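Coordinate-derived values only; no laboratory data. Just so you know, these numbers come straight off a predicted model, no measurement behind them. Positions of Cβ are generated from backbone atoms using ideal geometry, with glycine treated the same way; all protein chains shown enter the neighbour counts.
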Amino acid sequence: MSAPQMERLARRVSFFVFARENKKREPTPRLRCKRIGFRAVFADGHGPSRREWVRELKRRQDHFALKLFGVTTELLTQWKFQTDHAARNETSLMLRYRPELVDVSRLPQSRANWPVGVRRGGEDPGDASAEHGRECMEASLAVMIKMFLDAGI
């Protein structure tokens with residue numbers, strides 16, 4: 001899929017990130033989505049919130065009568081958005097979309113010292129780049145768009 005095609009398709013898709021339910025007992029984001037005419041919602045989280053969303057997808061889909069999507073186990077190998085904690089993937093995304101929030105000068109000078117707060121298992125955040133962040137977002141957006149198109153949305 002070409003970049004212009006992906007851009008056109010992306011305009012038809014809404015990307016939501018839900019963290020937790022509203023504590024004031026106002027309608028949840030999913031209820032508001034249905035009320036204003038959404039037919040489908042894609043939601044993603046990070047770590048436990050991603051797993052919780054996917055675990056409850058079927059029940060929520062039946063309850064809210066909306067087609068719901070998330071990053072399921074089958075998609076994990078293709079999904080490139082928020083795949084580590086403060087390592088190369090997330091740092092690259094931040095360099096692409098919010099570079100003013102990244103200070104790579106605070107990383108340890110020696111690669112022998114793993115940065116505090118960076119979960120092991122990810123790649124070294126010193127290898128992060130805005131270009132890699134763009135590639136990760138485009139790959140994940142393509143997966144999401146394919147889900148919507150395959151579902152006829």
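Listed highest first by mean packing, meaning other Cβ atoms within 10 Å per residue, what order do 87-96, 137-146 come in? Mind showing how you got there, number by number?
Values: 87-96: 22.0, 137-146: 17.6.
Averaged packing, sorted descending, gives the order 87-96, 137-146.
Spin-label model, H63/W114: points 7 Å from Cα along the beta carbon direction are separated by 3.7 nm.
Each other residue within a Cβ distance under 12 Å of E90 adds +1 if Lys or Arg and -1 if Asp or Glu, for a net charge of +3.
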